[in-house]
Amino acid sequence: MSLLRPFAMDDLLSLPQSVRQQTQTATLDARQRFCFSEPSLIGCSETFIKAMKQVGRVAGTNVPVMLTGESGTGKEVVALALHRRSLRAHKPFISVNRAAIPADLIESELFGHERGSSIGSDGVNVGLWEKANGGTVFLEEVTETPLVFQVKLLRALEQGEIRRVGSSRTICVDVRVIATSNRCLEQEVKAGRFREDLYYRLNVISIALPPLRERREDISLLAQHFARLSGGRNMDVLFTPEALKALESYSWPENIRELKNAVVQATAMCDEVIHLKDLPERVRSYKETLQIAD
């Protein structure tokens with residue numbers, strides 16, 4: 001069983017003519033970025049391959065992309081892959097977790113502020129949006145954005161212009177936005193918590209990342225990958241059939257993030273071979289529950 005190479009030359013050739021022409025004007029190094037495999041994008045399942053084909057087809061465009069899926073499904077990894085395979089790869093990739101920024105600071109953090117614009121602002125602050133000029137902004141949990149700021153975010157997307165807090169001067173900024181949300185955007189729009197015009201502006205291309213329970217044939221590949229990373233170059237970590245069966249049977253509610261954590265823990269506990277006893281108790285007991293039910 002081989003690892004998926006989701007951005008092969010065939011995928012590049014399947015891009016629309018306008019995108020191919022844009023790509024052909026880039027340097028050789030930029031073109032080659034479409035063709036190498038992302039080490040952490042691993043899988044052979046039909047659902048995973050379908051999502052990666054979408055990623056490959058839109059990587060060379062400048063259109064906004066909305067990544068949807070449960071927590072831990074690898075949205076940031078996919079966003080970074082989109083950036084690395086774009087013509088913006090030599091420019092910054094700025095990740096912004098909206099949920100981690102207080103609502104009253106979001107505008108200042110993203111768009112910056114001028115000296116004296118608020119108490120304690122004794123200098124000019126260049127926002128993350130401006131720092132990403134020419135590159136990509138990865139906007140996590142976009143539905144957490146306050147309605148009052150969504151208007152300004154929409155202007156930044158449509159006009160390519162921002163204003164620092166406390167300034168009347170507009171600044172032209174060229175960024176590509178890749179956004180994510182764990183919530184249903186359509187429901188947020190209907191509930192009045194998210195602007196419909198911003199939704200359509202961000203949701204030009206939507207890619208749904210499948211949960212791990214819907215791509216069980218990828219679990220062993222991912223587990224072996226994480227074991228190699230955890231074990232280091234001088235340690236070839238193996239799994240017993242019982243351990244692999246337990247990993248493949250577990251529901252993984254936190255998806256890839258949880259799988260990686262479990263494998264890292266097991267690698268630390270094992271002696272080059274991961275046995276069932278080395279796995280977290282929740283994984284072992286889940287397998288035992290299935291056996292009793294059978």
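Tabulated data for the structure shown
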| item | result |
| --- | --- |
| Between region 141-182 and region 196-238, the alpha-carbon center distance in angstrom | 29 |
| Two-site label geometry, L229 and R201: point separation in nm, points 7 Å out along Cα→Cβ | 3.4 |
| Computed accessible area, F239, all protein chains, 1.4 angstrom probe, square angstrom | 30 |
| Region 166-202: trypsin sites (Lys or Arg not before Pro) in DSSP coil with no more than 14 other Cβ atoms inside 10 Å | R169 |
| Trypsin sites (Lys or Arg not before Pro) within region 44-114, DSSP loop, no more than 15 other Cβ atoms inside 10 Å | none |
| Gyration tensor verdict on region 85-201 (Cα atoms; rounded if a/c is under 1.5, prolate if a/b is larger than b/c, oblate otherwise) | oblate |
| Separation in nanometres of the label points that stand 7 Å from Cα toward Cβ, at D271 and S167 | 6.3 |
| Sorted peptide list for 150-159, 258-267, criterion being average Cβ within 10 angstrom, highest first | 258-267, 150-159 |
| Exposure rank, largest accessible area first [D197, D271; 1.4 Å] | D271, D197 |
| Q159/L105 FRET efficiency (R0 41 Å; Cβ-Cβ; nearest 0.05) | 0.95 |
| For region 175-255, alpha-carbon Rg and Dmax in angstrom | 19.1, 55 |
| Rounded to the nearest 10 Å², the accessible area of F226 at probe 1.4 Å | 20 |
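The values are calculated or read from the model by the stated rules, or taken from the named source; none is laboratory data. What you are looking at is a predicted structure, and each value in this text was computed from that prediction instead of being measured. Counting neighbours? That spans all protein chains shown, and the Cβs are built from the backbone with ideal geometry, glycine included. When the accessible area is computed, the model is the full protein with side chains, heavy atoms only, and any ligands, DNA or RNA have been set aside. Shrake-Rupley method; radii C 1.70, N 1.55, O 1.52, S 1.80 Å.
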